[in-house]
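One structure below.
The values are calculated or read from the model by the stated rules, or taken from the named source; none is laboratory data. Computed from a predicted model, the values in this text were never measured in an experiment. Cβ: placed from backbone, ideal geometry, glycine included. Neighbour counts: every protein chain shown. Keep in mind that these areas ignore ligands, DNA and RNA; they rest on the heavy atoms of the full protein, side chains included. Shrake-Rupley method; radii C 1.70, N 1.55, O 1.52, S 1.80 Å.
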Amino acid sequence: MEKEILALGIERQFTKEETIFEAGDEARGFYYLLTGETRIYKMDEDGQEVEIARVGPDGFIGEAIIFAQPAYPVFAQAVKECKTLYFPKERILKAIESSPKIALFFLQVLAQKCVVLNQRLETIGLKSIRQRLLHYLAGQCPRDGRCRFSLTTSKTDLAKQLGTISETLSRNFKALEDEGLIEVQGKEIVIKNCARMKEEII
């Protein structure tokens, strides 16, 4: 990021599990992650958390919202200890008015967010938890053969990311194992036939 843009931010730190903002809070600014990880989520009608996204270093939180509506429609929480830059809305709007370069930068940021959200909506739109899990697993495999990778998050957090609960996720992992599609060894996942999995979610 350009130094002139970084200079507009105010450093703020959050501890693990600390709330950054809540749904309904006035959207007075947005955040850029220097270190750490955050999660963005909503609450459904039953009071269950539905995770929308995970954001790590070099990612923005709430940048699209401040240009579109007065309040945050989602919750943001630190998954790990986070160091951020906070960009006040009024300061950014003035900078955009005075600098085409800064305006172009944030236009590109918003365009990228649209791409990411469309990909996320595509995943959430899959009807079953099985399909969501298959979509996630297939995305971790760089080829159509056999591959191995480690989960970078807990299964509880993965369940939230996929819009389900731990018990349901575990049942789906077990079903895929029983069908010979994967092997689960703690946090190690072995995908035996990625091409076959992709066929089911196409």
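Heavy-atom accessible surface of the chain, averaged per residue, reaches 55 Å², computed with a 1.4 Å probe. Loop sites by DSSP among the trypsin sites (Lys or Arg not before Pro) of the chain, restricted to those with at most 10 other Cβ atoms within 10 angstrom, leave 1-126 as the longest stretch without any of them.
Let me know the longest stretch in the chain that avoids all GluC sites (Glu not before Pro) found in a DSSP loop with at most 16 other C-beta atoms within 10 Å. Here the longest run is 82-178. For Lys174 and Arg196, the difference between the fully extended length at 0.36 nm per residue and the C-alpha to C-alpha distance is 6.2 nm. Against the chain, whose longest principal axis is taken from its Cα atoms, helix 89-98 shows a tilt of about 70°. Cross-link pairs exceeding 22 Å between alpha carbons, from the set Lys160/Lys192; Lys3/Lys83; Lys3/Lys80; Lys16/Lys42; Lys3/Lys42; Lys42/Lys94: Lys160/Lys192; Lys3/Lys80; Lys3/Lys42; Lys42/Lys94.
About its Cα centre, what dipole magnitude does the chain give when the only charges are +1 on Lys and Arg Cβ and -1 on Asp and Glu Cβ, stated in debye to the nearest 20? Don't skip to the end; give the middle numbers.
On the way: 29 positive and 30 negative charges, 110 e Å.
That gives the chain a dipole magnitude of about 520 debye.
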